[in-house]
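Here the structure is laid out as structure tokens; the discussion comes afterwards.
We did not get these values from a lab; they are worked out from the coordinates using the rules stated. In this text, all values refer to a predicted model and were calculated from it rather than measured experimentally. As a convention, Cβ positions derive from the backbone with ideal geometry for all residues, glycine included, and neighbour counts pool all protein chains shown.
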């Protein structure tokens, strides 16, 4: 009887967690660079950065806008969010409980690993 209770408890823990929520951090590191290979100054969500470099993006359903202040570069570059493939694995294994967890924590969203800001020579 104790084994049955143990397996029931373990099963409920697995069903109550989301795969992306466990495997993904709240932020995603994104490599930002300029098309001309030079340094770029800008901000994402009000957080300043210098590129080339890695910028942590807060995971969310909404797209991010990279705003640059460097002359000769695009003033804004959109970074679209997509559903992380881990979320679909969770639907198969965790069902409604796990996928709801992934959705509510917004850890199911992913951005491109590399963002290139268009700059002139």
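Mind checking the full-extension length gain between residue 60 and residue 80? Use 0.36 nm per residue of separation minus the Cα-Cα distance, one decimal, nm.
Working: separation 20, 0.36 × 20 = 7.20 nm, distance 1.01 nm.
Residue separation times 0.36 nm, minus the Cα-Cα distance, leaves 6.2 nm.
Among 84, 113, what is the fewest-to-most ranking by other Cβ atoms within 10 Å? Each step should come with its number before you reach the end.
Numbers: 84 21, 113 9.
The most exposed by this proxy come first: 113, 84.
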